[in-house]
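The values are calculated or read from the model by the stated rules, or taken from the named source; none is laboratory data. Here the structure is a predicted model, which means the values were calculated and not measured. With ideal geometry, Cβ positions are generated from the backbone for all residues, glycine too; neighbour counts draw on all protein chains shown.
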Amino acid sequence: MKVICTTVDCLPAHLADGERAFTFFKSAKRDGVGTIAKGWRGSLKRKGFAPSPPAWDFVQFCLAVCAADLYSLRSTSADGWTRTIELTVGLCEPLRWQAWKPSAEKLLKVLTGDYWTLHFVDGGAPPPDGRGLPFDRDCVSLLSGGLDSLIGGIDLVAEEHRPLFVSQLAHEDSTRQRNYAALLGGSGSHLQWSHGISFRGSRESSTRARSLAFYAFAVLAASRVPEAEPQIFIPENGFICVNPPLVPGRVSSLSTRTTHPLFIGMLQELLNGLGVGVQLELPYRFMTKGEMMRNCRNPELLQRWASDSTSCGRFRTYNRTHCGRCVPCMIRRAAFHACDSVQDTTEYKYPSLANCEKSSGPDDPMAVALAILTVRQKGLNAFLGSSLAFAPPSERDDYRRVFGAGIDELEALLTADGIL
């Protein structure tokens with residue numbers, strides 16, 4: 001699968017057989033050529049953005065990867081999943097990236113499970129040269145509309161930070177994101193963007209690379225924060241960060257690596273090497289979701305909004321209603337169960353796991369039950385296997401504790417529902 005992403009002016013007159021092209025920020029108005037974030041660069045300039053060339057090239061790189069990810073269907077690969085993708089990206093400073101090509105390819109392999117070959121060439125759009133002043137903010141925090149990002153925002157504000165919240169537009173959560181940002185940070189505290197990738201044809205639904213757009217937006221937002229090396233907070237509980245396979249069949253890219261500490265470490269190394277001065281933070285990597293709720297710095301605010309947040313992996317399937325039986329829903333319900341001070345008033349399609357019908361996808365309650373039984377019968381290390389190989393020895397006990405506590409939370413839920 002060959003994909004090229006560049007500006008309209010640098011688009012080849014003829015594309016090679018099997019090659020697909022996308023143009024940055026402006027439509028080429030050519031058959032077979034898609035568009036990325038049409039009109040966005042001009043909008044950023046009008047709003048005062050003037051990122052450094054390294055930061056802007058990182059944004060263009062991430063958007064190009066997202067376009068290639070959406071275009072390249074896993075169903076056409078040899079095993080129905082693992083793809084081989086050759087991506088050419090037009091950048092402002094391609095020479096800066098050459099030394100980091102192997103690192104970027106390995107990073108994408110960890111994130112998507114595919115084999116990537118990257119080419120960096122001239123042809124990127126220049127950075128917007130807006131004249132806006134820095135925002136009166138001291139850090140950036142990702143805000144998805146989920147429970148973890150809500151808690152992350154509550155805690156930052158309680159600690160007297162002034163976060164600039166960044167969201168990736170999502171049809172189900174866009175209004176929720178705006179509400180949370182206004183609640184926590186007030187006016188001018190929120191940036192909400194979309195990758196705007198448009199093309200004709202089938203789209204790959206797994207979108208393992210989608211999170212790169214989120215990180216690109218965070219880096220772009222950080223360019224308006226006056227700190228020398230702004231912190232970018234990624235609020236995610238440790239159980240989901242590492243996301244160990246619940247059963248042997250759920251391995252590698254079948255489990256998302258969006259906030260995996262290994263991926264975040266590789267991303268930080270790439271940003272450092274490129275000269276993008278930000279610091280990625282995983283503040284809850286040693287907490288379960290239930291512990292995040294119990295330790296929230298403003299319990300009253302959490303009680304008011306926790307049930308409004310979204311967690312479900314099938315939220316769209318059930319008409320914007322939590323299913324109650326997917327892994328994210330079970331972890332959510334288990335967290336509420338473990339936090340007596342916060343009542344769960346979420347509407348679930350299946351409020352109990354007992355006798356709920358199996359969906360067309362994986363049998364998630366069965367997978368969780370098998371994981372719990374494995375820990376019961378063989379111990380935590382047998383369940384984890386090599387899942388902690390990424391972590392330095394000094395942190396492995398902390399991760400083991402998180403997984404043990406996370407399994408305990410899930411076991412309490414399944415026991416309460418009569419599954420165990």
Given (1) in contact with a helix residue (DSSP H, G or I) (Cβ under 9 Å, 6 or more places away or on another chain); (2) in a helix (DSSP H, G or I); (3) touching a residue at least 60 places away in the same chain (Cβ under 8 Å), index of the condition Arg297 fails: (2)
Any helices (runs of 4 or more DSSP H) falling wholly within the stretch 351-418 and containing at least 2 residues that are outside the structural domain of Arg257 (by TED's automatic domain parsing), farther than 25 Å from Tyr284 by Cα and under 28 Å from the mean Cα position of the chain (by Cα): 364-378
Meets criteria (part of a helix (DSSP H, G or I) and among the aliphatic types (A, V, I, L, M)) for Leu246: no
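Condition check ((1) among the aliphatic types (A, V, I, L, M); (2) more than 19 Å from Gly406 (Cβ to Cβ); (3) free of Cβ contacts under 8 Å to residues at least 24 places away in the same chain) across all residues:
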| position | (1), (2), (3) |
| --- | --- |
| Met293 | yes, no, no |
| Ser309 | no, no, no |
| Cys312 | no, no, yes |
| Arg316 | no, yes, no |
| Asn319 | no, yes, yes |
| Arg325 | no, no, no |
| Met330 | yes, no, no |
Qualifying residues in the stretch 186-198 (those that are crowded, with 16+ Cβ neighbours inside 10 Å and without any contact (Cβ under 8 Å) to a residue 40 or more places away in the chain) - the one nearest to Leu156 (Cα to Cα): Leu191
Hits in the stretch 42-53 (condition: touching a residue at least 24 places away in the same chain (Cβ under 8 Å) and surrounded by fewer than 21 Cβ atoms within 10 Å (Cβ to Cβ)): Gly42, Lys45, Arg46, Lys47, Gly48, Ala50, Ser52, Pro53
Hey, Phe233 in the same structural domain as Asp148 (by TED's automatic domain parsing) and in contact with a helix residue (DSSP H, G or I) (Cβ under 8 Å, 6 or more places away or on another chain) or not: yes
Any hit, the stretch 322-336, residues being basic (Lys, Arg) and within 14 Å of Pro244 (Cβ to Cβ): no
Tally, over the stretch 265-292, of residues that are under 17 Å from Trp97 (Cα atoms) and part of a helix (DSSP H, G or I): 9
